Every structure is written in structure tokens, then in C-alpha cells.
Amino acid sequence: MLLKYTFSLSILLCLNSMLHAQQTDFDFVVQAVEAKARDFSEYLVQLAWLNSPESAFAQDEVKVAQDEAKNTRKEWMRDVQATFNLNEANLRGVDSLGNVFFPRYNFGVSVNLFNIVSQGSKNKISKREIKIAEHKVNQRKLAIRAETLSRYASFKLAREIVKTRTLMEQEVYTNFVLVQQLYKTDEKTFEEYIASSSAYYQAQEARMKAENDVLLAKYQIEEIIGLKWDQVQHPDKDE
């Protein structure tokens, strides 16, 4: 029984260690803009983060939460009021009856005990609000990285498909020209000529659709990085 318990405890400790080791480094998810990107795809992620209004909004929320936390820490002082009264008789001096009013002045401080007692709780809430704002920034980083890389992958695939469709069209066209020549010498039937002609036009259409897919994929990238594709400058960029 003791051996079983020790074994289970070891597994739990091992899993806990693995979980801590695999915590996300959000500075790695989106590299700092001033840092050199590891490769071209990471550079696109940087551009998307830099030019995204949602990213700017999320970062501004953190700043707002931080400023509000500073104000909250000083909030208890708002209800602290000091009073000072100087006895009027002491200003005139001693009267004919010899009356002197004491004390010569009064000084007092009034505070809102509820605000002072609750200040610690308010500070904790402010810290949580900062954390929430930071979590939103990190969530945005994950989303923008996934979306940027997905769009870039689709763009690269579309370009490769164009290459394949172009080669296929060239082969089908070569076959069409051959069948056309053989048809003129009655070595191919009309049906064979129509079939080769149809195959060629289908290959043409497939190539044009593939080129259109490249164009649409490029527009998708331009939307997320905030720049036209032609404006992107990077040594590893593949035109």
C-alpha cells in the first residue's frame, strides 16, 4: 500500500513539474517588434501585432487598469479632512472682564473608516483587473499568431497549387495540339478531338481558379498585417 502511494505521489509530482515547464511564454508567441524575427512567418506575426487595432486596444486596457490602480491606492485620502479653528477671543485679546477662552485653537482630523478598512480589498481588485487586462493581451497574441500563420500557410499552398495547375495545363495543351494535328490527318476521331479540347479548357479553368485563390489568400494576409504584400520587405520573402 505504501509503495502504491509513493508511486502515485511520484507521478503527480512529475506531472506537476511538466505542467510548469510547459507554461506559455507570451513574449515568444509574438516577438517584440524591436527584436529580429526568427523567420519570415514570425515577421508577419510581428507586423500583424503591430498594425492590429485590437492589439492596441488590448494594450491600452492594461494601461488604463494600471492608472486606475494608482488612483485606487490613493482613494482613502479623499475622505480625510482636517479642521482648524482659532478662538476669536484670542484674536481680540483679554476683554474687560478678564475672560480668556481656552484652548486658543482647535485642530481635528476626520476620516472615513470604511474606506480605510476596505482599501486592502480595493487594491486586490485593482491588481486582478490589471491581470485580466494582461490576460486579454495574451489571448490576443495567441489569436493573432494562429490567424496570421494560418493565412500565410493558405497563401503558400495556393501558390504551389498554381504551379501544379500550370504544369498540368501545359501537358494537356501539348496533348491537345497533338490530337488536333492527328485529327486533321484522320488519325484521331472527332470524339477524341473534342475530349482533348475539353480537357485543355478544364485545365485552363483550373489554373485560373488557382490564381484567383492566390489573390484572395494574399488579400487575407494584407488584411491582418495591415500592409500590401508588395510593401512587405524581408530578405526571406518569397515573391
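Details
- First in segment 136-157 and small (Gly, Ala, Ser), second anywhere and in a helix (DSSP H, G or I) and surrounded by 17 or more Cβ atoms within 10 Å (Cβ to Cβ), Cβ under 6 Å, 6 or more apart: Ser154/Ala217
- The numbered conditions (1) surrounded by 14 or more Cβ atoms within 10 Å (Cβ to Cβ); (2) at pLDDT 90 or above; (3) over 25 Å from Tyr152 (Cα atoms) are all true for Leu50 except (3).
A quick yes/no check of all residues on (1) more than 30 Å from Pro53 (Cβ to Cβ); (2) at pLDDT below 95; (3) among the β-branched types (Val, Ile, Thr):
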| residue | (1), (2), (3) |
| --- | --- |
| Tyr152 | no, no, no |
| Thr164 | yes, no, yes |
| Met168 | yes, no, no |
| Val172 | yes, no, yes |
| Thr185 | yes, yes, yes |
| Lys188 | yes, yes, no |
| Ala199 | yes, no, no |
| Ala206 | yes, no, no |
| Ala217 | no, no, no |
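- Filtering Glu191, Glu205 for residues that are part of a helix (DSSP H, G or I), of a type in the set (D, E, K, R), loosely packed, with under 13 Cβ neighbours inside 10 Å and within 39 Å of the chain's Cα centre (by Cα) leaves a single hit, Glu205.
The values are calculated or read from the model by the stated rules, or taken from the named source; none is laboratory data. Keep in mind that this is a model prediction, so the values were computed, not measured. We place every Cβ from the backbone using ideal geometry, glycine too, and count neighbours over all the protein chains shown.
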